[in-house]
1. Is there a quick way to get the dipole size of region 100-230? I mean about its Cα centre, with the Cβ of Lys and Arg at +1 and of Asp and Glu at -1; what is the value in debye to the nearest 20?
2. With the Cα gyration tensor of region 83-142 giving a ≥ b ≥ c as the square roots of its eigenvalues, does the rule (a/c under 1.5 for rounded; else a/b larger than b/c for prolate; else oblate) give rounded, prolate or oblate?
3. Can you tally the net charge around Asn105? Count Lys and Arg as +1, Asp and Glu as -1, for every other residue whose Cβ sits under 12 Å from the Cβ of Asn105.
4. Which value in nm describes the separation of the simple spin-label points at Tyr113 and Arg139, placed 7 Å from the Cα toward the beta carbon?
5. Compute the signed sum of charges (Lys and Arg +1, Asp and Glu -1) over the other residues within less than 9 Å, Cβ to Cβ, of Asn172.
6. Taking the Cα centre as origin and putting +1 on Lys and Arg beta-carbons and -1 on Asp and Glu beta-carbons, what dipole magnitude results for region 71-175, to the nearest 20 debye?
7. Of all beta bridges DSSP finds with both residues in region 73-215, what is the antiparallel percent, to the nearest 5?
8. Highest mean first, what order results for 110-123, 158-171 on Cβ atoms within 10 Å?
Amino acid sequence: MNIKKYFGLGAILLLLSGCYNQPGLVSDNSYNRTKTGALLGAVTGAVVGYNSGNHHNKRGAVAGAVAGAVAGTSIGYLLDRQANQIADALGTGVANDPLAAKDPNRTIVVMKYPDHVRVLFRDKMMFATGSSKLQPSARNKVARLASVLRQYPQTVVGVAGFTDNRGSYSYNQKLSLNRAASVARLLSVNGKRPRIKGCSYNKPLVPNTSARNMAINRRVEVYLYNDPSRMTDPCQ
């Protein structure tokens with residue numbers, strides 16, 4: 001394909017990229033995943049459309065770009081809307097600062113990624129020491145998340161528990177799994193049970209070198225995907 005055959009696609013991508021802005025460092029109530037999804041969808045659609053079309057014109061590439069942009073917009077919009085509704089239900093905002101998960105003052109953190117939404121619940125507001133029974137206020141928060149998920153029957157949910165490194169690995173693995181299961185039971189909506197993992201003290205957010213840091217590492221995280229093939233192991 002020569003430079004002229006890229007012209008139609010280039011115009012589309014220029015329009016899409018022109019409305020893309022980097023998300024803020026503290027909170028994000030924008031719909032940047034919608035715009036990013038449209039841009040990536042256009043690129044993918046153009047490649048597919050060109051390869052399946054007539055190489056003597058650019059109609060296949062342009063048609064593919066338009067179709068891909070529509071599909072990408074739909075997926076991106078769904079993630080943006082879902083993240084914002086969850087944040088509203090939990091009484092917080094959407095945080096895109098990578099340091100937000102390490103802030104001990106944040107008991108709940110809602111984060112958006114290109115292909116999923118991640119919700120972090122800090123241990124101190126969820127469970128008593130050594131317990132996997134949700135405290136009343138925590139049950140209320142998780143129930144609010146479940147009420148939002150009922151609106152998204154296509155969403156695949158994963159729940160993972162994490163501990164600090166005090167005690168044996170096996171003890172913490174069991175505790176983290178039981179805590180994840182407690183949250184997952186409330187999130188079993190739309191006839192689907194979340195996938196659960198107990199990560200013990202794998203994947204600490206910060207080194208377990210102080211009581212403050214250990215409190216940061218003790219958490220339950222919920223992962224929301226529209227495409228189950230995109231799910232990864234939260235313990236790795």
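1. On the way: 24 positive and 6 negative charges, 51 e Å.
Around 240 debye, computed over region 100-230.
2. Working: a/c = 2.19, a/b = 1.62, b/c = 1.36.
Verdict is prolate for region 83-142.
3. Numbers: positive: Lys102, Arg106, Arg122, Lys124, Arg212; negative: Asp103.
Every neighbour counted, the sum reads +4.
4. Inter-label distance under the simple model: 3.1 nm.
5. Numbers: positive: Arg166, Lys174; negative: Asp164.
Computed value for this residue: +1.
6. Working: 14 positive and 7 negative charges, 78 e Å.
That gives a dipole near 380 debye.
7. On the way: 6 of 11 bridges.
Roughly 55 percent of the DSSP beta bridges within region 73-215 come out antiparallel.
8. On the way: 110-123: 21.1, 158-171: 19.1.
Answer by packing, highest mean first, reads 110-123, 158-171.
Read the figures in this text as sums done on the coordinates, not as results from a lab. Everything quoted here is computed from the prediction, not taken from an experiment. Neighbour counts run over all protein chains shown; Cβ positions are idealised from the backbone, glycine included.
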